[in-house]
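Below: the structure, in structure tokens.
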Amino acid sequence: MLAAMKKFNLTVWFLLMSSFCIGFFSQMVWPFLALILYQKYGLNEFQTGLFLFSAVMVRAIFGFYVGNLSDRVGRRKVIFAGFVSGMLGMYIMASTDNMWWMLLGATLNTLAWGMIQNPGKALMTDMMSERAVKDAALQLKFFAVNLARAFGPAFGVFIGLTGQADTFFWVGHIYIMVCVIALIVFNLEKPLKRTKSALDQSFKALFGLLAKDHAFSMLVAGFTLVLMAYMQMTMSLLQYIRLSGIANLEVTFASMLALNGLTIVIFQFPLAAALKNIAPFHRTLLGVCLFVAAFFIFAFFTQNGGYGLYIAMFTLSLGEAILFPTISILIDRMAPEHLKGSYFGAAGLNSFGVAAAPLIGGYLLQDYGGQVLWLFMAFTSALVGLLFYRAQTAKRPDFSFKQN
């Protein structure tokens, strides 16, 4: 890993550091948005889910287009536009008491995430030629996001800025600094390979290719479902803790998010080293099994709080540390070079899972209770395991380029 990191250039380090900085400050407020909507606007569990669903749906719809756009006009332009969108969204959320303006700000933020993350992953791998260096960059990208997740919420609780207007302003200021640095870095370095290609990069060509790529379609379907289950940690867990009557609501929730992030920070690279000789699809199956176990623990051992909550979160976090970096590596390996941004964008259809998470979670939690919610997520994760297993041998197109 250290040898690979020495080969990172300035653009890769910028993308990693911007992911951490934006994520760190965003995590002071974003996980607590459900609580803000309940306290400030009086929304119930389902209404909160509908609000978050509406915001994330924009990312789900436009993420596919944004990925293809990055192939055609250049990834750096799309990423910079994402920084601007995030900045505007945060300033709107900081300045309004109107729920509809709050929805607009949240929507701009989810759109920014789709414009930054997937084109950012594609740009990082564009900047390097060695397979091991690309994999290391994708692993570190995931690490940076989770390092922010580990400390952002807890730091926000510590300084008393969980969802206050000042927090939104701080994130907006961070976006401005990132925009300035991006203008400098993107003008200093160019990708090893041009994004634009003589090959057809149109939507028609992309849809034709994806229709034949059964393995990738199964991967994306599984990714979407497992992300829907995983997002209950930020969309429904806070409401579940509140409904369970557990004391110190914000502290308990922040400590669980910190446990999630710290588990990944501590175990991600040791697990990657221990599993490096196992095929990527087999690693995804191991991660999914840990998800199933975690949701069963949530279902049967957390009704009154206690250590069950933390054991479940720890188990889920181990699965996450294995599963999500491996999926990013699989996407990069499966993508044809001239449509890499489009493939990452197509994988971004997992945003439908993110969008559906608060709606499904809010409905199940309000009408059927926490146990049914967690059992449903366990069943969903098991279905994901079946999809990943089938994807190993599913049909793929015969690409006319050489994979790295």
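Some observations on this one:
- Each of F32, A355, M218 was placed along the dipole of the chain (beta-carbon charges, centred on the mean Cα), and the one lying farthest toward the positive end is M218.
- 3J(HN,Hα) couplings calculated from phi for region 250-267 with the Karplus curve 6.51 cos²θ - 1.76 cosθ + 1.60 (θ = phi - 60°) are, in sequence order, 5, 5, 4, 5, 5, 5, 5, 5, 5, 4, 4, x, 5, 4, 5, 4, 7, 9 Hz; Gly and Pro show x.
- When peptides 99-107, 256-264 are ranked by their average number of other Cβ atoms within 10 Å per residue, the highest-first order is 256-264, 99-107.
- Assuming charge only on the beta carbon of Lys and Arg (+1) and of Asp and Glu (-1), the dipole of the chain about its Cα centre is about 1300 debye to the nearest 20.
- Projecting the Cα atoms of F269, L88, A378 onto the dipole axis of the chain, where Lys and Arg carry +1 and Asp and Glu carry -1 at the beta carbon, places F269 farthest toward the positive end.
- Estimated inter-spin distance, I266 and T96, nm [label 7 Å along Cα→Cβ]: 4.1 nm
- Shown in residue order for region 137-153 are the 3J(HN,Hα) couplings computed by the Karplus curve 6.51 cos²θ - 1.76 cosθ + 1.60 at θ = phi - 60°: 5, 5, 4, 5, 4, 5, 4, 4, 4, 7, 5, 5, 5, 5, 10, x, x Hz (x for Gly and Pro).
- Loop-exposed GluC sites (Glu not before Pro) per DSSP, neighbour cap 16 Cβ within 10 angstrom, longest uninterrupted part of the chain: 190-404
- Length added when fully stretched, I278-A247, from 0.36 nm per residue minus Cα-Cα: 6.9 nm
- Debye log10 I(q)/I(0) for the chain, one point scatterer per Cα, at q = 0.09, 0.13 Å⁻¹: -0.50, -1.11
- Only the Cβ atoms of Lys and Arg (+1) and of Asp and Glu (-1) were treated as charged; on that basis the dipole of region 1-97 about its Cα centre amounts to roughly 540 debye.
- Rounded to the nearest 10 degrees, the angle from helix 351-367 to the longest Cα principal axis of the chain is 20 degrees.
- Couplings for region 57-62, taken from phi via the Karplus curve 6.51 cos²θ - 1.76 cosθ + 1.60 with θ = phi - 60°, read 4, 4, 5, 5, 6, 8 Hz in order; Gly and Pro are left as x.
- Entry note, the chain: the mean residue ellipticity at 222 nm calculated from DSSP H runs of n ≥ 4, each adding -39500 (n - 2.57), is -27000 deg cm²/dmol after division by the residues and rounding to the nearest 500.
- Of all the options I79, I297, I266, the one that moves most in a Gaussian network model of the chain with Cα springs shorter than 10 angstrom is I266.
Coordinate-derived values only; no laboratory data. Every value quoted in this text rests on a predicted model; they were computed, and no experiment measured them. Quick reminder, even Gly has a Cβ in these numbers, built from the backbone with ideal geometry, and neighbours come from all protein chains shown.
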